[in-house]
1. Kindly indicate whether any position in the range 260-279 is farther than 24 Å from D41 by Cβ, polar (S, T, N, Q) and crowded, with 17+ Cβ neighbours inside 10 Å.
2. Which one of these is within 12 Å of the ligand (Cβ to nearest atom) and acidic (D, E): D48, D71, D41, D102?
3. Does the range 295-313 contain at least one residue that is under 18 Å from the mean Cα position of the chain (by Cα), in a helix (DSSP H, G or I), crowded, with 20+ Cβ neighbours inside 10 Å and within 14 Å of the ligand (Cβ to nearest atom)?
4. Suppose the filter is charged (D, E, K, R) and either surrounded by fewer than 20 Cβ atoms within 10 Å (Cβ to Cβ) or under 19 Å from I35 (Cα atoms) (or both); does D51 pass it?
5. Name the single residue, out of those in the range 73-91 being in contact with a Lys or Arg (Cβ under 8 Å, 6 or more places away or on another chain) and in contact (Cβ under 8 Å) with a residue 12 or more places away in the chain, that is surrounded by the most Cβ atoms within 10 Å (Cβ to Cβ).
6. Just checking, which of E164, E158, E129 is of a type in the set (D, E) and within 23 Å of the chain's Cα centre (by Cα)?
7. Quick one: how many residues across the range 160-176 are within 16 Å of the ligand (Cβ to nearest atom) and in contact with a helix residue (DSSP H, G or I) (Cβ under 8 Å, 6 or more places away or on another chain)?
8. If only one of A267, A227, A279 is within 10 Å of the ligand (Cβ to nearest atom), under 27 Å from Y53 (Cα atoms), touching a residue at least 40 places away in the same chain (Cβ under 8 Å) and of a type in the set (A, V, I, L, M), which one is it?
Amino acid sequence: MDHRLLGRTGVRVSPLCLGAMNFGGGTAEAEAVRIVHAALDAGINFVDTADVYNAGDSERLVGKALAGRRDKVILGTKVHGRTGLGPNDQGNSRLHILRACDASLRRLGTDYIDLYQIHRPSPDIPVDETLGALTDLVRAGKVRYVGCSTHPAWMVMEALAVSERLGLARYVSEQPPYNLLDRRIENELIPLAQRYGLAILPWAPLAQGVLAGRYPAEGPLPADSRAMRQPGQANIYADRVTPSGLAVGRAFADLARSHGRTPGQLALLWCKDQPGVTAPIVGPRTEEQLFELLPVLDLSLAAAERLACDALVPPGGVVTNFHNTAPWMKTPIA
Ligand SMILES: NC(=O)c1ccc[n+]([C@@H]2O[C@H](COP(=O)([O-])OP(=O)(O)OC[C@H]3O[C@@H](n4cnc5c(N)ncnc54)[C@H](OP(=O)(O)O)[C@@H]3O)[C@@H](O)[C@H]2O)c1
């Protein structure tokens, strides 16, 4: 397996990162620990979680699974989402970031975070306040590197410029949604990342399972699927299962099988080997799902596969909106 540099840093990461968003939710403790151990045993050295995943349980389970192996792993977590009912229990203020970092360290059972990421922008908070707090965390030895997530390209660029102007910690990575159904980051963010040496760590590489055969082409959604686990009017996960996405998913599954791969493997491989991508974050709910995807660590996307994928969804295009948790992208795409 080839390791890849995490942006301009000297840190080498596996070309897949293990995402822990299901841990403590769809994935109970024992299986979560087994998933982490299986991923590390297969050579993955990069793990991603967030303070808000399942109210902190994801961080707790990751910490538990990494006991005794912490120094073998590049550990990323995030701050921004709501962690309490108070007016200051969310966002990118200095106050919240410093408190949230200590809480994450406690839950993770570690004294440093390798990659501390701003989960979403806070447009009403000056970015120099956020970068100043992150810089202090780096100087205090609590954080090694800082990054951002689901930021539009112009906000990433603004942050890089402010870091340079004020001598503050610089984002080394951006974590955007990216899969064959939503290729929009190819238009602005990927060229920016390539020019300025930013790591790109895509989330939802399987389009939440739509590209992995998780959802039937017709009929009700599976009761145990992510789209159905959080029923309610504002269900961002159900919104990502669209008729047009399912139609592409069907053609994509045929394409994958014609190349001797499962749909999930081709979806992940496509994402891993797209220009500018450092490491997609694979987020299995079960051990079985992980085992199906692990071979992708050692595979390369063939030119014919790339062309066939481009024929399904053209570069820069979009079929389903995966930015629907981003404040500036709430409007569904027609
Ligand atoms: N920065 C952010 O805002 C952000 C947002 C989302 C995620 N993330 C990170 O990125 C990671 C991955 O994101 P994601 O979970 O959306 O990615 P994803 O890989 O596109 O979707 C994961 C879901 O796909 C299904 N799946 C997984 N493996 C499968 C397989 N082999 N066959 C069929 N279906 C399969 C499962 O659905 P079921 O659960 O329905 O079985 C699983 O929960 C997360 O764990 C988290 O660390 C970050």
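The values are calculated or read from the model by the stated rules, or taken from the named source; none is laboratory data. The model shown is predicted, which means the values in this text are computed figures rather than measured ones. Cβ coordinates were reconstructed from backbone atoms using ideal geometry, including for glycine residues, and neighbour counts include every protein chain displayed.
1. The answer is yes, given that some residue of the range 260-279 is farther than 24 Å from D41 by Cβ, polar (S, T, N, Q) and crowded, with 17+ Cβ neighbours inside 10 Å.
2. D48
3. Yes, there is a match, as at least one residue in the range 295-313 is under 18 Å from the mean Cα position of the chain (by Cα), in a helix (DSSP H, G or I), crowded, with 20+ Cβ neighbours inside 10 Å and within 14 Å of the ligand (Cβ to nearest atom).
4. So D51 does not fit the description; no.
5. H80
6. E158
7. Count: 3.
8. A267
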